[in-house]
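Where a number appears in this text, it was derived from the coordinates with a stated rule and is not lab data. Not measured: the values here are computed from a predicted model. Cβ coordinates were reconstructed from backbone atoms using ideal geometry, including for glycine residues, and neighbour counts include every protein chain displayed.
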């Protein structure tokens, strides 16, 4: 495809950033007539004050957070937790097994380096996930009545 030598391709880039590359603030200028022809995306509605919460600084993740994150993910993959809208999520046994396996690797690699509470949390999470996995697998392989 031949290039337009005179630059009249009809395509134009307008830098609308509020800062220059060196970090200094740009002066606000009047909108360009051609730029004003381009439709802008609708702005999202302002959050309702009751539903909006300021982000909370949680700090670095702990071992408990990692175990909780992985076990919750596995419960979702097993279809044992509802989706964000309350809908039922179909089980994904392949990925659930993989997530449970990751927790088992974590248990194996951290053996002897965990507190009693951390070890108990991991053992309990793995037990619940394994039982849930077996129950879902049994339910899915059961012949129809």
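Each of 65, 116 has some number of other Cβ atoms within 10 Å of its Cβ, and from fewest to most they run 116, 65.
Give me the extension gain from residue 120 to residue 27: residue separation times 0.36 nm, minus the current Cα-Cα distance, reported in nm with one decimal. Walk me through the numbers before you get to the answer.
Values: separation 93, 0.36 × 93 = 33.48 nm, distance 5.94 nm.
In short, 27.5 nm is gained.
The mean sequence separation of alpha-carbon pairs under 8 Å and at least six residues apart, normalised by the residue count of region 63-141, gives a relative contact order of 35 percent. Placing dummy labels 7 Å off each Cα toward the beta-carbon, the span from residue 92 to residue 64 is 2.8 nm.
Between residue 127 and residue 140, the modelled label-to-label distance comes to 2.5 nm, taking each label 7 Å out from Cα in the direction of the beta carbon.
Grab the Cα-Cα distance for residue 56 and residue 17, subtract it from 0.36 nm times how many residues apart they are, and report the gain in nm with one decimal. Each step should come with its number before you reach the end.
On the way: separation 39, 0.36 × 39 = 14.04 nm, distance 2.81 nm.
Additional length available on full extension: 11.2 nm.
Cβ crowding within 10 Å, taken as a proxy for footprinting-reagent exposure, orders 22, 92, 64 from fewest neighbours to most as 22, 64, 92.
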